[in-house]
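Visitor: Here it is: the structure, laid out below.
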Amino acid sequence: MSDRITEFIGYPIWWGGTVWPANHFVTDHDFIGKKVILFAASSSSPLGSSGDDLATMVGTGDWQEGQRLSSNASAGEVSSWVESLDL
């Protein structure tokens, strides 16, 4: 992770919250000077406070608003979202 400026972090949403592996991943890494873009998959749950919760756990980095993707999102939908980020 040390060479990248932008990090994408994906995780499943369970009732509007992150799952413990995502929590451990973010607390085990350094996000100083990084732009963090979150995305999550769920059949029905919204992002809820999951992005804010992860950012608070870490306390560093430029955390962007996350994107919830349907659990059956097509490759085209995902590509369109990534292209809209203008990275």
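The values are calculated or read from the model by the stated rules, or taken from the named source; none is laboratory data. This structure is a prediction, so every number in the text was calculated from the model and none was measured. All Cβ positions, glycine included, derive from the backbone under ideal geometry; neighbour counts span all protein chains shown.
Visitor: Do you know which of the residues in the range 1-35 that are out of contact with any Ser or Thr (no Cβ under 6 Å at 6 or more places or on another chain) and among the aromatic types (Phe, Trp, Tyr) is nearest to Leu85 (Cα to Cα)?
Guide: To start, the set of residues in the range 1-35 that are out of contact with any Ser or Thr (no Cβ under 6 Å at 6 or more places or on another chain) comprises 1-10, 12, 14, 19-30, 33-34.
If we keep only those that are among the aromatic types (Phe, Trp, Tyr) too, we end up with 8, 14, 20, 25.
On the way: Phe8: 12, Trp14: 25, Trp20: 27, Phe25: 23 Å.
By that ranking, first place goes to Phe8.
Visitor: OK, next. Among the residues of the range 27-38, is there at least one that is over 15 Å from the mean Cα position of the chain (by Cα) and either touching a residue at least 60 places away in the same chain (Cβ under 8 Å) or closer than 17 Å to Trp14 by Cβ (or both)?
Guide: Checked against the condition, which is being over 15 Å from the mean Cα position of the chain (by Cα) and either touching a residue at least 60 places away in the same chain (Cβ under 8 Å) or closer than 17 Å to Trp14 by Cβ (or both), the range 27-38 yields no hits at all.
Visitor: Right, next: Residues that are in a helix (DSSP H, G or I), in contact (Cβ under 8 Å) with a residue 40 or more places away in the chain and closer than 16 Å to Lys35 by Cβ: does the range 75-86 have at least one? Even if it seems obvious, please write down each step before you answer.
Guide: So in the range 75-86, the residues in a helix (DSSP H, G or I) come out as 75-84.
Then keep just the ones that are in contact (Cβ under 8 Å) with a residue 40 or more places away in the chain; that gives 81.
Remaining after also requiring closer than 16 Å to Lys35 by Cβ: 81.
Scanning the range 75-86, I find at least one residue that is in a helix (DSSP H, G or I), in contact (Cβ under 8 Å) with a residue 40 or more places away in the chain and closer than 16 Å to Lys35 by Cβ, so the answer is yes.
Visitor: On to the next question. Within the range 49-66, which residues are closer than 14 Å to Pro12 by Cα and buried (at least 18 other Cβ atoms within 10 Å of the Cβ)?
Guide: Ser50, Gly51, Leu54, Gly66, listed by residue number.
Visitor: Moving to a separate point now. Considering only the range 50-72, I want to know if a residue exists there that is part of a loop (DSSP other than H, G, I, E, B), hydroxyl-bearing (Ser, Thr, Tyr), within 12 Å of Thr18 (Cα to Cα) and within 13 Å of the chain's Cα centre (by Cα). Before the answer, list the steps.
Guide: To start, the set of residues in the range 50-72 that are part of a loop (DSSP other than H, G, I, E, B) comprises 59-61, 64-66, 71-72.
Retained after the next criterion (residues that are hydroxyl-bearing (Ser, Thr, Tyr)): 60, 71.
Now drop any that are not within 12 Å of Thr18 (Cα to Cα), which leaves none.
Checked against the condition, which is being part of a loop (DSSP other than H, G, I, E, B), hydroxyl-bearing (Ser, Thr, Tyr), within 12 Å of Thr18 (Cα to Cα) and within 13 Å of the chain's Cα centre (by Cα), the range 50-72 yields no hits at all.
Visitor: Any residue in the range 13-26 that's assigned to a strand (DSSP E or B): show its pairings with residues that are among the hydroxyl-bearing types (Ser, Thr, Tyr) and surrounded by 11 or more Cβ atoms within 10 Å (Cβ to Cβ) at Cβ separation under 6 Å, as long as the two are six or more apart or on different chains.
Guide: Between residues of the range 13-26 that are assigned to a strand (DSSP E or B) and residues that are among the hydroxyl-bearing types (Ser, Thr, Tyr) and surrounded by 11 or more Cβ atoms within 10 Å (Cβ to Cβ), the close pairs are Gly17/Ser50.
Visitor: Test each condition in (1) among the polar types (S, T, N, Q); (2) surrounded by 11 or more Cβ atoms within 10 Å (Cβ to Cβ); (3) farther than 23 Å from Leu87 by Cα for Ser44 and report the one that comes out false.
Guide: Among (1) among the polar types (S, T, N, Q); (2) surrounded by 11 or more Cβ atoms within 10 Å (Cβ to Cβ); (3) farther than 23 Å from Leu87 by Cα, the lone unmet condition for Ser44 is (2).
Visitor: Could you list all residues from the range 1-40 that are surrounded by fewer than 16 Cβ atoms within 10 Å (Cβ to Cβ) and at pLDDT below 85?
Guide: Met1, Ser2, Asp3, Arg4, Trp14, Trp15, Gly16
Visitor: Within the range 30-44, which residues are more than 11 Å from Asp62 (Cα to Cα) and in a loop (DSSP other than H, G, I, E, B)?
Guide: Once the filter is applied, which keeps residues that are more than 11 Å from Asp62 (Cα to Cα) and in a loop (DSSP other than H, G, I, E, B), the range 30-44 yields Asp30, Ser43, Ser44.
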